[in-house]
Amino acid sequence: MRTLGRLDAWLFRPGDPRRLAALRVGLSSILLVRLARGLYVQWASEPNALYRPESFMRLMPDVPPRGVILTVQCVAIACACCAIVGYRARLSFALAWAGSVFLIGMVASFGRDGQNETMVLLAAVPLLASRCGDRWSLDALLRRGSGAEPTGLAAPYGWPVRAATIVVAGGYWFAGVAKLVWSGPAWILGSNLRWILYTASDAQRAPNTLGLLIANHPPLAHLVAGAALATELFFPVVLWRPRAAWIFVPSVIALHTAIWLTIGLNYFAWAATALVVFTDWVWCVSRVRRATQALLPPRALSGPLGQPQSLPDGRGSA
């Protein structure tokens, strides 16, 4: 009970509404990029015999018509754009997420792997029940005259961000655990990674130089396999030590980049989700503003007729 109490206190600790708003903008941008592809309309043209609906797609025993797919895609894209700028943020974000789930469900029913979408869709779930449009949004701009815009830390803004960090950290941790369950120490000490790289190189038009370089040197292959497994297993450390994100987030970006360069699998949606969720965008914006103010000439901060102009914190400029 004491452990659960500490977890509850950590999860529901007050948070910054701007951090939640940054999460909304980042995840909506990832959804927008994924939704803008022509992949979905192409799959709608496939024969119905290849369609094997799974999960909620069993409600549609036949391939959804091309017009339905195109309509859902266009509406979801428009909603993602509205979520980015924060217009009717909660509703638009939920509709963009629902449209993405429907389209990925349709693609997965053809037997295509939808793992690349899993991380961003799961990380977005906590935001569906959050007040993600209270800051950095058109909704907040329209409400500014009424004084309803939040200015400090509050409980409703902390738990969605921390829940998203749990989802992302858990995704990498379970990926590492799966390797241990199915392969054990052989994932590092065996030739599993080397054969994966050889097979991937043979499947490409030209030999993959980087993949063959790693595969042809067993010690290097063992080192790469161990580093990848350690990154996945120890990624949840960032939940207790947020500064560890400076190590683990670049590590997973490097991991996904190496997978793309050697095997040809594009999992940059995972890397982008990890970057969006674990980056303190409020701190980044603050640093950019300070740097911008430092570059401005002193007279740019002066009011009319040389009168000092008030700075954002209420102090007068020199």
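Kindly provide the set of residues from segment 34-52 that are assigned to a helix (DSSP H, G or I), in contact (Cβ under 8 Å) with a residue 12 or more places away in the chain and either closer than 28 Å to Phe93 by Cα or acidic (Asp, Glu) (or both), ordered by number.
Scanning segment 34-52 gives Arg34, Leu35, Leu39, Tyr40, Val41, Trp43, Ala44.
Identify the residue in segment 1-47 that is among the hydroxyl-bearing types (Ser, Thr, Tyr) and closer than 19 Å to Tyr87 by Cβ and, among all such residues, is surrounded by the most Cβ atoms within 10 Å (Cβ to Cβ).
Ser28
Which one is farthest from Tyr198 (Cα to Cα), of the residues in segment 225-235 that are in contact with a helix residue (DSSP H, G or I) (Cβ under 6 Å, 6 or more places away or on another chain) and not aromatic (Phe, Trp, Tyr)?
Top of the filtered list is Leu233.
For the structure I just gave you, tell me whether Leu261 is surrounded by 14 or more Cβ atoms within 10 Å (Cβ to Cβ), assigned to a helix (DSSP H, G or I) and in contact (Cβ under 8 Å) with a residue 12 or more places away in the chain.
No; evaluated as a whole, the condition is false for this residue.
Okay, residues lined up against (1) modelled with pLDDT under 95; (2) out of contact with any strand residue (DSSP E or B) (no Cβ under 8 Å at 6 or more places or on another chain); (3) closer than 22 Å to Ala244 by Cβ:
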| site | (1), (2), (3) |
| --- | --- |
| Ile263 | yes, yes, no |
| Tyr267 | yes, yes, yes |
| Leu275 | no, yes, yes |
| Phe278 | no, yes, yes |
| Trp281 | yes, yes, yes |
| Arg287 | yes, yes, yes |
| Thr292 | yes, yes, no |
| Pro298 | yes, yes, no |
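Does Phe12 meet the test of being more than 20 Å from Val282 (Cα to Cα) and over 17 Å from the mean Cα position of the chain (by Cα)?
no
Of the residues Thr231, Thr165, only one is out of contact with any Ser or Thr (no Cβ under 8 Å at 6 or more places or on another chain), of a type in the set (Val, Ile, Thr), modelled with pLDDT of 90 or more and not assigned by TED's automatic domain parsing to the domain that holds Glu117; which?
That would be Thr165, the only listed residue that is out of contact with any Ser or Thr (no Cβ under 8 Å at 6 or more places or on another chain), of a type in the set (Val, Ile, Thr), modelled with pLDDT of 90 or more and not assigned by TED's automatic domain parsing to the domain that holds Glu117.
Do we have Gly145 as surrounded by fewer than 19 Cβ atoms within 10 Å (Cβ to Cβ), part of a helix (DSSP H, G or I) and modelled with pLDDT of 95 or more here?
Here the answer is no, as Gly145 does not meet what is asked.
Test Thr292 against the stated conditions and say whether it is of a type in the set (Ser, Thr, Tyr), in a helix (DSSP H, G or I) and not assigned by TED's automatic domain parsing to the domain that holds Ala227.
Yes: the conditions hold for Thr292.
From the list Ile69, Ile104, pick out the single residue that is within 27 Å of Leu275 (Cα to Cα), assigned to a helix (DSSP H, G or I) and not assigned by TED's automatic domain parsing to the domain that holds Glu232.
None of the other options fit; the residue is Ile104.
In this structure, is Ser100 buried (at least 22 other Cβ atoms within 10 Å of the Cβ), within 23 Å of Glu54 (Cα to Cα) and either modelled with pLDDT under 90 or not acidic (Asp, Glu) (or both)?
Spelling it out, Ser100 is indeed buried (at least 22 other Cβ atoms within 10 Å of the Cβ), within 23 Å of Glu54 (Cα to Cα) and either modelled with pLDDT under 90 or not acidic (Asp, Glu) (or both).
Listed residues Asp113, Asp8; which is free of Cβ contacts under 8 Å to residues at least 12 places away in the same chain and either closer than 29 Å to Ala155 by Cα or assigned to a helix (DSSP H, G or I) (or both)?
Asp8
Test Ala206 against the stated conditions and say whether it is of a type outside the set (S, T, N, Q), at pLDDT below 95, touching a Pro at 6+ places or on another chain (Cβ under 8 Å) and loosely packed, with under 13 Cβ neighbours inside 10 Å.
no
Checking the conditions here, which among Gly114, Gly105 is farther than 16 Å from Val25 by Cβ and under 16 Å from the mean Cα position of the chain (by Cα)?
Gly114
Report the residue count in segment 66-87 for those that are surrounded by fewer than 17 Cβ atoms within 10 Å (Cβ to Cβ) and more than 20 Å from the chain's Cα centre (by Cα).
Here the count works out to 7.
The values are calculated or read from the model by the stated rules, or taken from the named source; none is laboratory data. Keep in mind the model is a prediction, meaning the values are calculated, not measured. Neighbour counts run over all protein chains shown; Cβ positions are idealised from the backbone, glycine included.
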